[in-house]
Amino acid sequence: EQMALADFLRRGNYIRHLRTLRALYGERRAVLCASLQQALGGRAVIEGDTAGLHIVLRLPNTVSDVVVSQRASEAGLLCRPLSQFCLPPLRENGLVLGYGAVPAERIAAAVTRLVQVIASVAAGRAGD
């Protein structure tokens, strides 16, 4: 096993693999951010969009990230409330959105559904 790994590294396969993944995830991140900007316009506050496999979409304090996350789950979407990662007394409000496992061609439709969920919760129709 160690010799196979050493050969993999020596031949540059690991570097090629990293470059491939960097391009793939970069495309997905760009599609996600562009879709959010298009759907939410100036209301979209996105953080952490320069690297990684997750971004944070900030929500207005009047919209519960926990409720949005629950309703999104019911709509077939997985997003985590940012507040669950905070230690009291700090309370941040937003959604942690992962894009590593979502094909780029499915992101825009997922964003559309998420924006509908956010709008429903914001309008006080969390049960819709």
Quiz prompt | Cα→Cβ-extended label distance, 7 Å offset, between A108 and Q2, nm | solution = 5.1 nm
Quiz item: Which length gain, in nm to one decimal place, applies between V67 and C86 when the Cα-Cα distance is subtracted from 0.36 nm times their residue separation?
Solution: 5.2 nm
Self-check item: Spatial extent of region 1-121: Rg and Dmax, with the Cα atoms as the point set, Å
Solution: 17.5, 57
Quiz item: Roughly how tilted is helix 104-122, in degrees to the nearest 10 and between 0 and 90, from the longest Cα axis of the chain?
Solution: 20 degrees
Quiz item: Once the Cβ-Cβ distance between A123 and Y25 is put in as r, and R0 is 41 Å, what FRET efficiency do you end up with, to the nearest 0.05?
Solution: 0.75
Self-check item: Point-charge dipole on Cβ atoms (K/R +1, D/E -1) for region 1-85, about Cα centre, debye to 20
Solution: 260 debye
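Coordinate-derived values only; no laboratory data. Note that the structure is predicted; figures quoted are calculated from it, not measured. Please note: Cβ atoms are built from the backbone with ideal geometry, for glycine as well, and neighbour counts cover all protein chains shown.
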